[in-house]
Amino acid sequence: MPYIDQFFEVLVTAGASDLHLGEGAPPKIRRHGEIIPIRNEALTRDEMAYMMSEISGPERWTRYEEVGDLDFAYEMDENSRFRCNFLKQTHGYGAVFRLIPTKIMTLDQLGIPAVVKEFGDLRGGLVLVTGPTGSGKSTTLAALIDYINTHFHRHIITVEEPIEFVHGNKRSIITQREVPEHAASFPVGLKAALREDADIVLVGEMRDLETIQLALTAAETGLLVFGTLHTNNARKTVDRMIDVFPSDQQAQVRTMLANSLRGVVAQLLMKRLDGGGRVAVNEILVVNSAASAIIREGATQKLQDVIVGGKSQGMQFMDDAIWQVMQQGIVSPHEAYMKAIDKNRFRVFLPPEDQGL
């Protein structure tokens, strides 16, 4: 049994999500958003090097020593898989591990609005799942891919860094490729997918111009492309997609996006009032002709009106979703205020001493 597994076992038993290891500091876990140390004594350089190199293997370890960063996945047992990130920090070696559930939950189990399934029924276009780091984007996307895998005969290619949820073939064929093990980069993996008879491509991260350009082109040529961005609502997502490009290309990109974008699912995790973990809230934009025209003309501030007015089509504005869980007593007014876009709407529910926030 690798030395590091003892730390992972503590994490799994505690129901935590992340393990933080840093040379010169005690090991810590993140549980329901809070970071807690799991022993008093600090990790030494030898201890860190031993347990990190043991699970990465010699080739990856050499790459990490040279570059200072490394991403890969590690499976402790059939129930526990971890996304691993090695880094170098002020005091030396560091590593962060995120527990990836091996059982893929359904969209219904996750409480994701039913309209999201309709994105899985599409035959082409671009669908973006967005939110800050740790907001459950990967979990929601895995559930969406699993929905397609259960109901349709498709060829699905995923390009991820690293592979998180492992999908078995049900009705679909799923080809999972890891950056940089199986494809040198996201653009390389995406280009290759265009020649691999894919129906659906999942791009783990759309963080640079080339990846975004290829995703838009793939969506225009008839593939269904799922991608993720670190934005927390639909408007910011559209703006980010366009702002990545030089100003002389932005008009053309707006047209491409107006033609190919089918939807945005933005997600936030909020602390439950009862201390029982966190709850996901979503903003959902289903791109209709009105939204398409707004994207084309670059007036993204008007998207809020489309979302608020599109309830009958399953659309949902983020602040309304936050309002709903607050009204149901699932989250506190303070948590709602902290996560909301329009703070004034929620300020009145805070205790008098906090109203000056």
Notebook entry, point to check: What single numbered condition from (1) touching a residue at least 24 places away in the same chain (Cβ under 8 Å); (2) of a type in the set (Val, Ile, Thr); (3) open to solvent by 60 Å² or more (accessible area, probe 1.4 Å) fails to hold for residue 55?
Noted result: (3)
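On the basis of being over 19 Å from the mean Cα position of the chain (by Cα) and closer than 28 Å to residue 166 by Cα, does residue 95 make the cut? Step through it out loud before you land on a result.
Values: over 19 Å from the mean Cα position of the chain (by Cα): yes; closer than 28 Å to residue 166 by Cα: yes.
Against the criterion (over 19 Å from the mean Cα position of the chain (by Cα) and closer than 28 Å to residue 166 by Cα), residue 95 qualifies.
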Checklist line | Residues that are touching a helix residue (DSSP H, G or I) at 6+ places or on another chain (Cβ under 8 Å), part of a helix (DSSP H, G or I) and open to solvent by 30 Å² or more (accessible area, probe 1.4 Å), drawn from the range 244-255 | finding: 250, 254, 255
Next item on the list: Just need a number here: residues in the range 191-211 that are more than 16 Å from residue 142 (Cβ to Cβ) and in contact with an Asp or Glu (Cβ under 9 Å, 6 or more places away or on another chain).
Entry: 1
Check: Residues in the range 26-52 that are farther than 21 Å from residue 83 by Cβ and either touching a residue at least 60 places away in the same chain (Cβ under 8 Å) or buried (at least 18 other Cβ atoms within 10 Å of the Cβ) (or both): how many?
Finding: 0
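Return yes when residue 185 is among the polar types (S, T, N, Q) and either touching a Pro at 6+ places or on another chain (Cβ under 6 Å) or modelled with pLDDT of 95 or more (or both) and no when it is not.
In short, no.
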Margin query: Condition check: of a type outside the set (Ser, Thr, Tyr) and touching a Lys or Arg at 6+ places or on another chain (Cβ under 6 Å). Does residue 115 satisfy that?
Written below: no
Next item on the list: Can you run down the residue pairs with Cβ atoms below 9 Å, 6 or more apart or on separate chains, where the first is in the range 58-84 and on the phi > 0 side of the Ramachandran plot and the partner is part of a strand (DSSP E or B) and surrounded by fewer than 17 Cβ atoms within 10 Å (Cβ to Cβ)?
Entry: 68/87; 68/88
Note to self: Restricting to the range 324-346, count the residues that are in contact with a helix residue (DSSP H, G or I) (Cβ under 7 Å, 6 or more places away or on another chain) and under 26 Å from residue 237 (Cβ atoms).
What the structure shows: 11
Check: Got a sec? Which of 81, 63 is under 23 Å from residue 13 (Cβ atoms) and not β-branched (Val, Ile, Thr)?
Finding: 81
Checklist line | Filter result for the condition that a residue is surrounded by 19 or more Cβ atoms within 10 Å (Cβ to Cβ), touching a Ser or Thr at 6+ places or on another chain (Cβ under 9 Å), within 23 Å of residue 104 (Cα to Cα) and not charged (D, E, K, R), over 163, 157 | finding: 157
Margin query: Against the condition out of contact with any Lys or Arg (no Cβ under 9 Å at 6 or more places or on another chain) and among the charged types (D, E, K, R), how does residue 83 come out, does it pass?
Written below: no
Notebook entry, point to check: Which number in (1) over 15 Å from residue 75 (Cα atoms); (2) surrounded by fewer than 18 Cβ atoms within 10 Å (Cβ to Cβ) marks the one condition that residue 5 misses?
Noted result: (1)
Check: Among the residues of the range 204-232 satisfying the criterion of being within 30 Å of residue 61 (Cα to Cα) and touching a helix residue (DSSP H, G or I) at 6+ places or on another chain (Cβ under 6 Å), which is surrounded by the fewest Cβ atoms within 10 Å (Cβ to Cβ)?
Finding: 210
Checklist line | Complete set of residues in the range 115-158 that are at pLDDT below 95 and in contact with a Gly (Cβ under 7 Å, 6 or more places away or on another chain) | finding: 137
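The values are calculated or read from the model by the stated rules, or taken from the named source; none is laboratory data. Bear in mind the structure is a predicted one, so any value in this text is a computation, not a measurement. We place every Cβ from the backbone using ideal geometry, glycine too, and count neighbours over all the protein chains shown. Just the protein is used for accessible areas: all its heavy atoms, side chains included, with ligands, DNA and RNA removed. Shrake-Rupley method; radii C 1.70, N 1.55, O 1.52, S 1.80 Å.
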